[in-house]
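Asks: Dumping the structure here so I can ask a few things about it.
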Amino acid sequence: MNYYISTTLKNTSFKEAIEKTTAALKKEGFGVLTEIDIKATLKNKLDADFYNYTILGACNPEMAHQALQSENKIGTMLPCNVIVQERESGIVEVSAVNPAASMMAVENDSLGEIAKDVQKKLTKVIQSI
């Protein structure tokens, strides 16, 4: 089982890919809690050049609430990370964590169904971009 769900967008700007991803997440009930610009962070902290790479911390409040009720330490795996990266100009890859794969590390059967539901929603997000 892959630990991520992914798609590649061609002839799309990096900014447009982030906008499309954010809109697709919203359509499936996710909000973006955090946005980390890895390129800018590495430049500022290490003076290192890096390609366009942003991590979106996505959260579906209802599903996060269910997960937290089932496992009080599950917050260590929240929010669901979605990455948008442009290694070549005009070709942008969007990838989301596969929560079903992540939850295999947690010994709590009640999380399995929640993780599968989140996986379905994130797969829908990735496929709709």
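The values are calculated or read from the model by the stated rules, or taken from the named source; none is laboratory data. Keep in mind it's a predicted model, so treat the numbers as computed, not measured. Neighbour counts are summed over all protein chains in view; Cβ atoms, including those assigned to glycine, are modelled from backbone coordinates with ideal geometry.
Asks: Just checking, which of Pro61, Pro79, Pro99 is in contact with a helix residue (DSSP H, G or I) (Cβ under 6 Å, 6 or more places away or on another chain) and either of a type outside the set (Ser, Thr, Tyr) or surrounded by 11 or more Cβ atoms within 10 Å (Cβ to Cβ) (or both)?
Replies: Pro99
Asks: Determine the pairs where a residue that is over 29 Å from Val118 (Cα atoms), located within segment 37-61, has a partner that is loosely packed, with under 15 Cβ neighbours inside 10 Å and acidic (Asp, Glu) with Cβ atoms under 8 Å apart, the partner being 6 or more residues away or on another chain.
Replies: Leu42/Asp49; Lys43/Asp49
Asks: In segment 85-117, how many are under 12 Å from Ile5 (Cα atoms) and either within 12 Å of the chain's Cα centre (by Cα) or in a strand (DSSP E or B) (or both)?
Replies: 7
Asks: Another question about this same structure. May I ask you to say which residue of Thr12, Thr7 is in contact (Cβ under 8 Å) with a residue 40 or more places away in the chain, in contact with a helix residue (DSSP H, G or I) (Cβ under 8 Å, 6 or more places away or on another chain) and part of a strand (DSSP E or B)?
Replies: After ruling out the rest, the residue left standing is Thr7.
Asks: Taking the conditions exactly as written (at pLDDT 95 or above, outside any strand (DSSP E or B) and surrounded by 17 or more Cβ atoms within 10 Å (Cβ to Cβ)), does Leu25 satisfy them or not?
Replies: yes
Asks: Quick check on segment 2-18: of everything there that is within 17 Å of Cys80 (Cα to Cα) and not aromatic (Phe, Trp, Tyr), which residue is modelled with the lowest pLDDT?
Replies: Here the answer is Asn2.
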